[in-house]
Each structure stands twice: as structure tokens, then as C-alpha cells.
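Down below is the structure, laid out as C-alpha cells.
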Amino acid sequence: MSAALLRGCAILLVTATAAFAQGQPSDVEWPTYHGDHTGRHYSPLTQITTANAKNLSLAWIYRLNISTAGAIMGGSGPEPQPPAGGGFGPSGRAVDVKGIPLVVDGVMYVTTTNHVWAVDARTGDEIWHYLWKGRTAIGNRGVGIAGKWLYFMTADNSIVSLDAQTGKERWNKALAPPDAPNISTVAPIVIGRQVIIGVGGDSGTDTPSWVESRDLENGERIWTWRTVPGPGEPGIETWPSAAVAARSAAAPWQPPTYDPELNLLYVPTGQPTPTYNGKGREGANLYSSSIVALNPQTGKMVWYYQTSPHDTHDWDATQVTVLIDGVIDGRPRKLLAQTNRNGYYFLLDRTDGKPIVSRPFGLVNAYKAGRDARGQLVPDPAKEASPPGSLVFPSQEGVANYPAQSFSPQTGLFYVNATNSGSIFYLPRDASDPTGFGRSSEWHIGMFDSSLLALDYRTGEVKWRHRYEHRTGFWSSTHPGVLTTAGGVLFTGDPSGNVIAFDATNGDILWHARLGTIVTNSPQTYMLDGTQYVTVAAGDLLFAFALQ
């Protein structure tokens, strides 16, 4: 498989964007998880601007149809039952949309765990509904698409290919044995003739994780990269033994980003397991809580940067790896930026992974002063969980979390919803016990100070801040994602259940709408028939707004 073929998909996206910017009439779609492979979560659309955003109004609403009646069924598990309300998630409803829908050829594809819906992107009318019969998990990020075929991950670790027009199943492939404790929630990403997926899980121990490439046509495996090294592989020396390493997770549950010029795939990985108890896994624990660059033809690692060496606080690095072509010290650079769960803003050279900036953007206290030989943070052992308890900032939810961060090339600012919070982390008195996920060993101190931040991408310095008034709880503001547009508008949600349009330059509020519960996914935008739509999800409701 040639590098030129892999670059084709990204080149088509760039060409479409450039054509629109030159004024050529065109529908502008949302064909992959973050709109394009850069992860910037930025749209070239300009119909909605800082001058007219106040005129936005509701275009349509779609409520997820979770009934089995009329659904296209897949899988071989038991007949699914309607989920009870009050499940995992911020809305308290039966299901939450956490992922970002795609829009291609006038159709929107939206998911929750084991469900896919096709919805008319102009009206919100349901076209078809696919339901996989199998065990559930905590969410699903979305689908990938190539031509007439969709690609979808089921919670019980299968990849399914569906006909995008009808929802009928083309094939499915199991990625792990039926009794494996892994869960798969990632949105597949299409690169050339491959679909890139991740198999994760962090239920304690015995959940090894990996990234896979599968053939678009038949689903056959092309390569596998395991997030934790095996015997004799580079990085195994950062674990006490190969046996301990083989039982840990480092789940890759966020879609990667991709640079077609460098031909590099940027994969963010999750925390090691057991999560809070690091006594049984002394060492840096590569390649957990890391940003890893892979060759997409072979799956071979090119470089890595570990954001949280020997993570003992659930600070996985699965926040979006955002690709920026910028200028540092007067010189053009190919950059990768991330606001990490551990409260640090990282700016790397994406050609080789060398760090340029690592700066706190929130309240942090778990690292020593200075950096190691690779320019990485040095954890403070005094801030690991302990029998009497250790006060740590941030809490395990992090200053940021998985929803989309955004970079606007128009403003040069990097945007993220951020929450300062702290917890006391406890460890059982038998500190050698390596078992357990450990969530019962954390107690929040009741502080949730939430803001929307705009950072200078070159330095991580906060240029403006909007503090949210209602700032309580896990979902207070780390979870609504951020979208910016060439119209100068930033869209996100607040902890009070509003979707808000901000002026991306200065943070002024331009418009808001009350949704009844908080935004549970990341906003996205598209244009059809001359109308720009902005969509957000609030629990099991999908809202589309447009200028009337």
C-alpha cells in the first residue's frame, strides 16, 4: 500500500475546504470525527458570524429511537431491553449521545452504545436504525465512512460494516474473544484503504489494549500495535516484568489524528491499570498516558511522548491530538497540541515528538519542578494514593477530558473547557495488592471551578477566560466540546444546560439556547442547500440550529 494512496483521503478534504474558501458553491459536510484529520474541530463555514449569530433558531430536533421495532438487528446476543433511566452520564436519561455525528450526502449518522441511526440532516427525520445485540458499555464515539460503507464499533469488541444508504450489515469481525473484559467505544477513522480502530477497557487488570488497521473491503486485519510492549520490545524495561505489563490497559479510546505529508498517525493512549495503585507496577509504564506517532502502513511506532509517566490518578492522554501548522521563534513548525487531563498544555514538534511547551492551564500539584531527560514531567511520589490519603489537584476527571478541544487558525487561539477540582486519593493498607480499578479510593473535596479558556497556542498562556456560574459536579464543564468557525464564532455548552455562541476573539456571548439538560457531546456544523446548521446533543436529544 503506497503512501500516496493513504494521503488521498486527506487531500480530497483539503481540496474541498479550499474550494469553499474561494467562493465556489458547495455543500460542506462533516465526513470524519473532528471534521477533518487535523483534530482542530474548526470549520471553514462563514454564514453564521459574530454579527448574525444572535438570529440563530431551532431548525429541527431528533430524539433517539431506542425501540427494537423496525430496527435492523445485528449480533448474536440476547434480545436487547430498553435501558433504564439515570444511567452513566450527565443527562440522567436512558442514553446519551457522547460522540460527534457525521454528515455525508445530506445524511447524518449518530450513535450510542450498539446503536446507529441515519437521520435526514435537513429535517431530522429518521431514515434507518441499526441495533447490535450484545453487551453494553459506557458510550460510543461515532462511525467512520468510506464511499457507501459505514464502520462502527460495538461495545463487545466487534467492528461492523453497514450500507450507509440502508443500514444493512455487510460484514462484522470480532476483535477479541467473547469473554474478554475489553470494551470498544472509539469512532473508526478511515485513512486511504484502511479503517483505524482501537480496542480498550480499563476494568482493572487483564485488559490489554491495542490499535488495529483493517481492510475497508473485507475487514481483514492489516496490522496491530499494542499500547503496552511485550517481552524484548522497547519500553518493556519501564515495567516491573513482562507479566505485569501484559495485564495492563493503556486503552486507545479516542480517535487518532493524521498528517498526510508526514504520513504519521497520532494516537493518544489511556492510563495504566490498576489505575490508582502504582505499587505493583513501578516504573514509567510505557506507552500508557502517552501520545504515540505510528506509521499507518505498518503500525510501527515512530516516536512517543509520555504526558503522565507512571500515572496513578487516571490521567489518560486521550484528549484530542490537535495538528497545527504554526510559527515558533519566527520559524514555521509542524506542531501537535493537547490540553491534557493532568492539567498541562503540551506543544510538541509532530515530526519527532520533541517538546516545545509543557505548561499548566489549571490547578496542579502532582509533579516535581523541572523535567526529565526527554522533557517529560516528573511525578511526585508524595502525591500518589496513600493509606491516610493524599490531596491531589486535579481530581481523576482532570482539568480537561475527552470532548473536542479546538484550534482556530483565524484567531491563533486554542480553546478548551476546563475544570479545577481536587480529590483525596487513598490506598489500601496492603499496598502490594495490585488489583482493582480503585474508584472507591477517591473522595472529591467538593470544588469544581469551571471555565472556557482561550490559550495562545505558542505558549499555553491564557488570553481570555469565561467562568461558568453553575460549576458543580463531574460534568460541570470538562465535557461539552468546543467548535470554532471561520465566521469567528465558537460554540460550546455550559454546566447550566445552555448551548452558547461566543465571539472566538474575545469571549463575548453572542447567543444562547436552553436545552433542558447539559450538552453531552461536541458541537459540529455543516452546510446543505445554502444553509449552515450547527448541531449539539443533550442526552437522547439532537438539536440543529440555523439562521432563519
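Note on the stretch 342-365: residues that are buried (at least 22 other Cβ atoms within 10 Å of the Cβ) and either part of a strand (DSSP E or B) or in contact with an Asp or Glu (Cβ under 6 Å, 6 or more places away or on another chain) (or both) amount to 5. Return a yes/no flag: does the stretch 180-201 have any residue that is at pLDDT below 95, more than 22 Å from the chain's Cα centre (by Cα) and of a type in the set (A, V, I, L, M, F, W, C). Yes: the stretch 180-201 contains one or more residues that are at pLDDT below 95, more than 22 Å from the chain's Cα centre (by Cα) and of a type in the set (A, V, I, L, M, F, W, C). Residues in the stretch 197-213: is at least one closer than 16 Å to L162 by Cα, in a loop (DSSP other than H, G, I, E, B), touching a strand residue (DSSP E or B) at 6+ places or on another chain (Cβ under 7 Å) and not small (G, A, S)? No, the stretch 197-213 contains no residue that is closer than 16 Å to L162 by Cα, in a loop (DSSP other than H, G, I, E, B), touching a strand residue (DSSP E or B) at 6+ places or on another chain (Cβ under 7 Å) and not small (G, A, S).
When the stretch 328-341 is filtered for residues that are part of a strand (DSSP E or B) and either of a type in the set (G, A, S) or closer than 24 Å to V228 by Cβ (or both), the ones remaining, listed by number, are L336, A337, Q338.
Per the listing E217, E169, E212, the residue uniquely within 21 Å of the chain's Cα centre (by Cα), more than 20 Å from Q271 (Cβ to Cβ) and charged (D, E, K, R) is E212. Residue-level check: of (1) in contact with a Gly (Cβ under 6 Å, 6 or more places away or on another chain); (2) crowded, with 19+ Cβ neighbours inside 10 Å; (3) free of Cβ contacts under 8 Å to residues at least 40 places away in the same chain, V195 misses just (3). Suppose the filter is among the acidic types (D, E), more than 30 Å from S390 (Cα to Cα) and out of contact with any His (no Cβ under 6 Å at 6 or more places or on another chain); does D349 pass it? Yes: the conditions hold for D349. Residues in the stretch 140-154 that are buried (at least 23 other Cβ atoms within 10 Å of the Cβ) and among the small types (G, A, S): G142, G144. Could you look through the stretch 54-79, keep only residues that are part of a strand (DSSP E or B) and of a type in the set (S, T, Y), and pick out the one that is surrounded by the most Cβ atoms within 10 Å (Cβ to Cβ)? Step by step, filter the stretch 54-79, then rank; the result is Y62. Applying the criterion of being touching a residue at least 60 places away in the same chain (Cβ under 8 Å) and under 21 Å from W30 (Cβ atoms) to the residues of the stretch 512-522, the residue that is surrounded by the most Cβ atoms within 10 Å (Cβ to Cβ) is S522. Just checking, does the stretch 229-250 include any residue being β-branched (V, I, T) and assigned to a loop (DSSP other than H, G, I, E, B)? No, the stretch 229-250 contains no residue that is β-branched (V, I, T) and assigned to a loop (DSSP other than H, G, I, E, B).
Does the stretch 256-273 hold any residues that are assigned to a loop (DSSP other than H, G, I, E, B) and buried (at least 24 other Cβ atoms within 10 Å of the Cβ), and which are they? Result: P256, T269, G270, Q271, P272, T273.
Condition check ((1) modelled with pLDDT under 95; (2) within 21 Å of L64 (Cβ to Cβ); (3) out of contact with any Pro (no Cβ under 6 Å at 6 or more places or on another chain); (4) of a type outside the set (F, W, Y)) across all residues:
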position	(1), (2), (3), (4)
A454	no, no, yes, yes
Y457	no, no, yes, no
E469	yes, no, yes, yes
T478	yes, no, yes, yes
N506	no, no, yes, yes
G516	yes, yes, yes, yes
T525	no, yes, yes, yes
Y533	no, yes, yes, no
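Which pairs turn up if I take residues in the stretch 26-42 that are more than 10 Å from P255 (Cα to Cα) and look for partners that are hydrophobic (A, V, I, L, M, F, W, C) and in a loop (DSSP other than H, G, I, E, B) with beta carbon separation below 6 Å, at least 6 apart in sequence or on another chain? Every condition considered, the pairs that remain are V28/L45; H41/A404. Test V211 against the criterion of being of a type in the set (A, V, I, L, M) and closer than 18 Å to T185 by Cβ, and give yes or no. For V211, the condition - of a type in the set (A, V, I, L, M) and closer than 18 Å to T185 by Cβ - is met. Selection over the stretch 529-540 of residues that are more than 20 Å from the chain's Cα centre (by Cα) and buried (at least 18 other Cβ atoms within 10 Å of the Cβ) gives a count of 2.
From the list D314, D325, the one residue that fits, being part of a loop (DSSP other than H, G, I, E, B), among the charged types (D, E, K, R) and either within 25 Å of the chain's Cα centre (by Cα) or surrounded by 15 or more Cβ atoms within 10 Å (Cβ to Cβ) (or both), is D314. Remark: pairs (first residue in the stretch 381-395, closer than 20 Å to R341 by Cβ and touching a residue at least 24 places away in the same chain (Cβ under 8 Å); second residue among the β-branched types (V, I, T) and assigned to a loop (DSSP other than H, G, I, E, B); Cβ separation under 6 Å; 6+ apart in sequence or on different chains) = E384/T312; F393/V364. Within this structure, R341 passes the test of being under 22 Å from L286 (Cα atoms), out of contact with any helix residue (DSSP H, G or I) (no Cβ under 9 Å at 6 or more places or on another chain) and of a type in the set (K, R).
Taking (1) out of contact with any Ser or Thr (no Cβ under 7 Å at 6 or more places or on another chain); (2) under 24 Å from N140 (Cα atoms); (3) free of Cβ contacts under 8 Å to residues at least 60 places away in the same chain in turn, E282 satisfies each apart from (2).
Residues in the stretch 386-437 that are modelled with pLDDT of 90 or more, of a type in the set (A, V, I, L, M, F, W, C) and part of a loop (DSSP other than H, G, I, E, B): F393, V399, A400, A404. Scanning the stretch 72-101 for residues that are among the small types (G, A, S), closer than 30 Å to T531 by Cβ and at pLDDT 90 or above yields one hit, G99.
Listed here are the residues, each with its yes/no results for (1) touching a Gly at 6+ places or on another chain (Cβ under 8 Å); (2) of a type in the set (A, V, I, L, M); (3) farther than 30 Å from G147 by Cβ; (4) without any contact (Cβ under 8 Å) to a residue 12 or more places away in the chain.
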| site | (1), (2), (3), (4) |
| --- | --- |
| V190 | yes, yes, no, no |
| G200 | yes, no, no, no |
| S213 | yes, no, no, no |
| G219 | no, no, no, no |
| G235 | no, no, yes, no |
| S248 | no, no, yes, no |
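Residues of the stretch 26-39 that are in a loop (DSSP other than H, G, I, E, B), in contact with a Leu (Cβ under 8 Å, 6 or more places away or on another chain) and either crowded, with 24+ Cβ neighbours inside 10 Å or not charged (D, E, K, R) (or both): P31, T32, Y33, H37, T38, G39.
The values are calculated or read from the model by the stated rules, or taken from the named source; none is laboratory data. The shown structure was predicted, so the numbers you read here are calculated from the model rather than taken from an experiment. Positions of Cβ are generated from backbone atoms using ideal geometry, with glycine treated the same way; all protein chains shown enter the neighbour counts.
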